[in-house]
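Enquirer: Mind looking over this structure? Questions follow.
FYI, it's all coordinate maths here, none of it is from the lab. Everything quoted here is computed from the prediction, not taken from an experiment. Backbone-built Cβ (ideal geometry, glycine too); neighbour counts: all protein chains shown.
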Amino acid sequence: MAVEPRDSPSVGVDEWVARSLERREYLPGWRGDVQRALEQVGWWPRLVVATAVGVFIPVVIGLNSFQTQVGIDALLLAILALGLNVSVGWAGLLDLGYVAFYGFGAYGYALLSSNQLNPPGGIHWPAYFSIPLVMIGAAILGLLVGLPSRRLIGDYLAIVTLFFGEAFVEFTNNVAPSKLGGPNGIFALDPLHGAHVQITTPTGYFLVLLGLLVVSMAVLHMLDTSRMGRAWRAVREDPLAASAMTVPVNRVKLMAFAFGAMIAAMAGTIFAAQQTSVFPTDFDTPYLILIYAGLILGGAGSMSGAVLGGLLVSIVLDGFLRSPTQSSYIFYGVILVTLCVKLRPWTRVAFVVGGTIVFGFVMHAIVAAFSSSAVAGTSGAHSWIDLHWAIVPANPVTFGNICFVALLCLVVALVQVPGRWRTMLLIPTLYVAACAWEARLSQVPATTRLLLLGAILIVVMAWRPSGLLGARRVEIV
Amino acid sequence: MTKFTQELVNGLTQGGLYALVALGYSMVYGVLKLLNFAHGDLYMVGAFVGYFVLQWFGGPTALAVPVPIVLLAMFLLAGGGVGALGVAIERFAYRPLRDAPRIAPLITALGVSFLLENTMLLLFGASYRDYNTSAFISFSTGIHIGALNIDIVRIMVIVLSVALMIGLRLLVSRTQLGRQMRAVASDREAAEMLGINVDYTISATFFLGSALAGIAGVMAGLVFNQIYTLMGFIIGLKAFTAAVVGGIGSIPGAMLGGFLIGIAEAFITGYVSSTYTNLIVFGILIAFMILRPSGLLGRVQLQKV
């Protein structure tokens, strides 16, 4: 038996993949050392620690009902981003109909746990029976939707799957209203139940979702390190080369769709059970964008990135944006952190922040001298900011809209102008952003949330396409 | 027979709009190989610009100037404004990603689309706005044969969209700019080496494509009256498919695809079921894209390795 050299990849790991994973860039200085030290910790211990933290938060610390609901939504989004990562991140197939699988799972559970079918008694199967059934159904649907990927790649596949997602919403809205409920949805679903156990409390659902997330991560981790995972990455990097290396490209793509669909459907069943109702609009494009924002922000291709991104996007957008005070902390905090990270040296940060503060007081004084009603309004979040610094008129809507349009123009201008002028232009931009936020954006959280989603996608793609935790791969030419 | 002709006219009207939007998609896809999801939203912005120009001239019931001038102003301002917006979007969002992997600009385009929709939602609210076309253009003018009515607005939409397409076709095939656009579309690097200003050409392409979408938006407002902030998403989807059906990158193809989808939709609504129109159209389009991705007039592209 031949003795292998120490640094060669372990048996069964394809050498090219192993090398491409090695070929990451570490951060410079001490941050790189921390990164290397963290990488010494194995994957399974990390999962155990993360799970323990997840259980610790609701059980030991305790959460109020709003916080628990935010946690449930965040876990759902994390599971969905994890499933989307299989087709988008690993296999490189842009699936824009993904949210339909989530809807399929929710509607599947709804039909099997309500009075909708088989009247008068309806169907009320236990969860340990209905959820696996729905997941198998979703896997088959995933295979069917994945079939076009045999012939279509890139944009064409994206648009066909987007049609599929739209068709799902049209289908649930229009077909068989007596069974699917049409736009009114399906009500009065059973909570999760089976084997004399019934889960009705939000904390229960939180723990169920946490368990499912951990199990999915474990299963996907095993898949990732298996032959199938390597095949997915090979197909993503170069389908032609992969097929030359005898990877069954078409079958591998279909499996990616099927696994993604199964995970989405699983999340859908829990969503339906927890909400005890389903509506077609729950599964429309905005939610798809939310899932994508989570995955992209976290880093497509990285499992922990997908989970982290999903949690982060959901908690920030659903949890903090609801209340003007908290959302203001997030707003100003994100701006400050971004300034500190992106601007060098620190004197420039100080110049910009100080300049913005002074600029604000001057502008406020000038406007107040001309008209007192122009500064009379307040957003209710930090009355001190509104009364002395940011301009908020008594009737803030029109002013806020103008500020927002001006902000968009300034941001576009900011990208175009060179160095020194950019720093100068940053001051009015920040001030206008603050005015738009106080006068308008913090007042309409629902729209602001969607605006931020769009902005996240654009900014992350321009600034750091690999996301927060995605591996920065060196392009191999 | 009357019903058939009537549905045909409806289909041609809708098809003209699809075709105009599809042209922009096709041109942008030609030069950048980018599926610009925001294109449908530019159409929506165009409809809003037209609406506000109409209000600025005194509103549909009390116009201060003759109707043709108002219409001209609506089309010009919507076309110019949306064209400029398209150029700005390209500069800001897509240019930094020109050499990025294919998936990056696609996701940026989704983000831009979402940003545009929700900016309009923030500024103008979710409520429907009404062009109220019948208040200033009499629907009784037009062609009337027996029970068949083709009003002047529909005639205008069909004629204008065909005229714009012919103009675009001439521009692309005869002028210097058109030649540059074709050169950039076929090989950007080679075009750059030959001294073509690629950035300028791409900006010009975005301007033309977006302007067409804006004009289509005004037309949609005139024909269907109601405009709202989410009107662009589905039409963007269908227009891209129209471009694919005709063969992406081909101008006559986009026209053909747009008219075919419009007519098919009108006939399905008229003869089969109005509830399931979208579902059936989606099904046909998915089947078409799978069976013949190169389109009716497109060439099968060999993938270079």
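Enquirer: Ranked highest first by average number of other Cβ atoms within 10 Å, how do A:212-220, A:297-305 line up?
Expert: On the way: A:212-220: 17.9, A:297-305: 23.9.
My ranking of the peptides, most packed first, is A:297-305, A:212-220.
Enquirer: Give me, ordered by chain and number, the residues 5 or more places off A:SER113 or on other chains with an amide H under 5 Å from its own placed amide H.
Expert: When sequence neighbours closer than 5 places are left aside, there are no close amide H contacts.
Enquirer: Also, I was wondering about something else. Could you calculate the FRET efficiency of A:LEU144 with A:ALA365 from 1/(1 + (r/R0)^6), where r is the beta carbon distance between them and R0 is 56 Å, rounded to 0.05? Could you put the intermediate results ahead of the total?
Expert: Values: r = 66 Å, r/R0 = 1.17.
Calculated value: 0.30.
Enquirer: Further question: Please state the relative contact order of chain A as a whole percent: Cα pairs under 8 Å, 6+ residues apart?
Expert: 21
Enquirer: Sorted by packing (mean other beta-carbon atoms within 10 Å per residue), highest first, where do B:20-29, B:247-256 land? Could you put the intermediate results ahead of the total?
Expert: Values: B:20-29: 29.4, B:247-256: 23.4.
Top of the packing list down: B:20-29, B:247-256.
Enquirer: Post the alpha-carbon centroid distance, the stretch A:88-138 to the stretch A:283-327, in whole angstrom.
Expert: After rounding, the separation between the Cα centres reads 23 Å.
Enquirer: What number, rounded to the nearest 500 deg cm²/dmol, is the helix-based mean residue ellipticity at 222 nm of chain A, given -39500 (n - 2.57) per DSSP H run of at least four residues and division by all its residues? Numbers along the way, then the final one.
Expert: Working: 20 runs with 317 residues, N = 477.
Calculated at 222 nm, the ellipticity per residue is -22000 deg cm²/dmol.
Enquirer: Indicate the helices, whole DSSP H runs only, in chain B that combine a mean Kyte-Doolittle hydropathy of 0.0 or more with a Cα extent along their long axis of 18 angstrom or more. Could the numbers behind the result be given before it?
Expert: Numbers: long enough: B:2-32 (44 Å, 0.68); B:39-56 (26 Å, 0.81); B:67-89 (32 Å, 2.31); B:103-124 (32 Å, 1.80); B:152-174 (32 Å, 2.09); B:198-224 (38 Å, 1.59); B:232-246 (21 Å, 1.76); B:251-267 (24 Å, 1.61); B:277-291 (21 Å, 2.55).
TM-like helix candidates: B:2-32, B:39-56, B:67-89, B:103-124, B:152-174, B:198-224, B:232-246, B:251-267, B:277-291.
Enquirer: I've got another one for you. Kindly list the residues of the stretch A:329-349 that lie in the label zone of A:THR423, defined by a backbone N under 20 Å from the point 7 Å along the Cα-to-C-beta vector.
Expert: Residues A:335-349 qualify, since their backbone N sits under 20 Å from the label point.
Enquirer: Only four residue types carry charge here, +1 at the Cβ of Lys and Arg and -1 at the Cβ of Asp and Glu. Report the dipole size of chain B about the Cα centre in Debye, rounded to the nearest 20.
Expert: Details: 17 positive and 12 negative charges, 124 e Å.
Magnitude of the dipole: close to 600 debye.
Enquirer: Taking the 0 to 90 degree range and rounding to the nearest ten, how far is the long axis of helix A:65-84 tilted relative to the main principal axis of chain A, both from C-alpha atoms?
Expert: 60
Enquirer: Let me ask something else. Using the Karplus curve 6.51 cos²θ - 1.76 cosθ + 1.60 with θ = phi - 60°, what ³J(HN,Hα) values do you get for each residue of the stretch A:237-252, in whole Hz, with x for Gly and Pro?
Expert: Each residue of the stretch A:237-252 in turn: 6, 6, x, 5, 4, 4, 5, 5, 8, 6, 7, x, 4, 5, 5, 4 Hz.
Enquirer: Using every pair of alpha-carbon atoms in the stretch A:156-232, split the distances into 5 Å bins beginning at 0 and state the percent of pairs per bin, rounded to integers.
Expert: With 5 Å bins starting at 0, P(r) equals 3, 11, 10, 10, 11, 19, 19, 12, 5, 0.
Enquirer: Provide the net charge surrounding B:HIS144, with neighbours chosen by a C-beta distance below 13 Å and charges set as Lys +1, Arg +1, Asp -1, Glu -1.
Expert: Details: positive: B:ARG154; negative: B:ASP151.
Summing Lys/Arg as +1 and Asp/Glu as -1 gives 0.
Enquirer: A further question on this structure: What does the extension gain come out to for A:ARG227 and A:VAL459, with contour length at 0.36 nm per residue minus their alpha carbon separation? Write out the running numbers ahead of the final one.
Expert: Working: separation 232, 0.36 × 232 = 83.52 nm, distance 3.47 nm.
Additional length available on full extension: 80.0 nm.
Enquirer: For the stretch A:435-447, just list the computed ³J(HN,Hα) in residue order, Karplus coefficients 6.51, -1.76 and 1.60, θ = phi - 60°, integers in Hz, with x standing in for Gly and Pro.
Expert: 4, 4, 5, 5, 7, 9, 4, 5, 8, 10, x, 5, 6
Enquirer: Cα extents of chain A along the three principal axes, largest first, in whole Å?
Expert: 79, 70, 48
Enquirer: Would you calculate, for chain B, the mean residue ellipticity at 222 nm contributed by helices, counting each DSSP H stretch of 4 or more residues as -39,500 (n - 2.57) and dividing by all residues, to the nearest 500? Walk me through the numbers on the way to the answer.
Expert: Numbers: 11 runs with 208 residues, N = 305.
The helix-only estimate for chain B comes to -23500 deg cm²/dmol at 222 nm.
Enquirer: Quick check: Cα centre of the stretch A:197-236 to Cα centre of the stretch B:1-40, how many Å?
Expert: Cα centroid of the stretch A:197-236 versus Cα centroid of the stretch B:1-40: 43 Å apart.
Enquirer: If I fit a long axis through the Cα atoms of helix A:396-416 and take the longest principal axis of the Cα atoms of chain A, what angle between them do I get, 0 to 90°, rounded to 10?
Expert: That helix lies at roughly 80 degrees to the long axis.
Enquirer: Give me a single rounded figure for B:271-281: the average over its residues of other chain Cβ atoms within 10 Å of their Cβ.
Expert: Numbers: counts 0, 0, 1, 0, 5, 4, 2, 8, 8, 2, 3.
Mean partner shielding for this stretch: 3.
Enquirer: Under a point spin-label approximation (7 Å from Cα along Cα-to-Cβ), what is the B:ALA126-A:THR276 distance to one decimal in nm?
Expert: 2.5
Enquirer: Under a crude label model (7 Å from the Cα following the beta-carbon direction), how far is B:GLN226 from A:PHE187 in nanometres?
Expert: The two pseudo-label positions are separated by 2.6 nm.
Enquirer: To one decimal place, what orientation-averaged projected area in nm² is obtained for the convex hull of the Cα set of the stretch A:326-439? It would help to have the intermediate numbers written out before the result.
Expert: Numbers: hull surface 27.6 nm².
For the stretch A:326-439, averaging the hull's shadow over all directions gives 6.9 nm².
Enquirer: Any chance you could give the angle, 0 to 90 degrees and rounded to 10, that helix A:127-146 forms with the longest Cα principal axis of chain A?
Expert: With both axes taken from Cα atoms, the answer is about 80 degrees.
Enquirer: What FRET efficiency do you get for A:ALA350 and A:LEU414 if R0 is 25 Å and r is their Cβ-Cβ distance, rounded to the nearest 0.05?
Expert: Numbers: r = 19 Å, r/R0 = 0.77.
It comes to 0.85.
Enquirer: Let's test the formula: R0 of 45 Å, r as the Cβ-Cβ distance of A:VAL60 and A:VAL397. What FRET efficiency results, to the nearest 0.05? Let's see the in-between values first.
Expert: Details: r = 45 Å, r/R0 = 1.00.
E(calc), rounded to 0.05, equals 0.50.
Enquirer: Could you pull out every residue, at least 5 positions away or on a different chain, whose amide H is within less than 5 Å of the one on A:GLY194? Hs are placed 1.01 Å off N in the peptide plane, and Pro or chain starts have none.
Expert: Distant-sequence amide H within range of A:GLY194: A:ALA127.
Enquirer: Which whole-number percentage describes the relative contact order of the stretch B:15-232, with Cα contacts under 8 Å and a sequence gap of 6 or more?
Expert: RCO, the stretch B:15-232: 45 percent.
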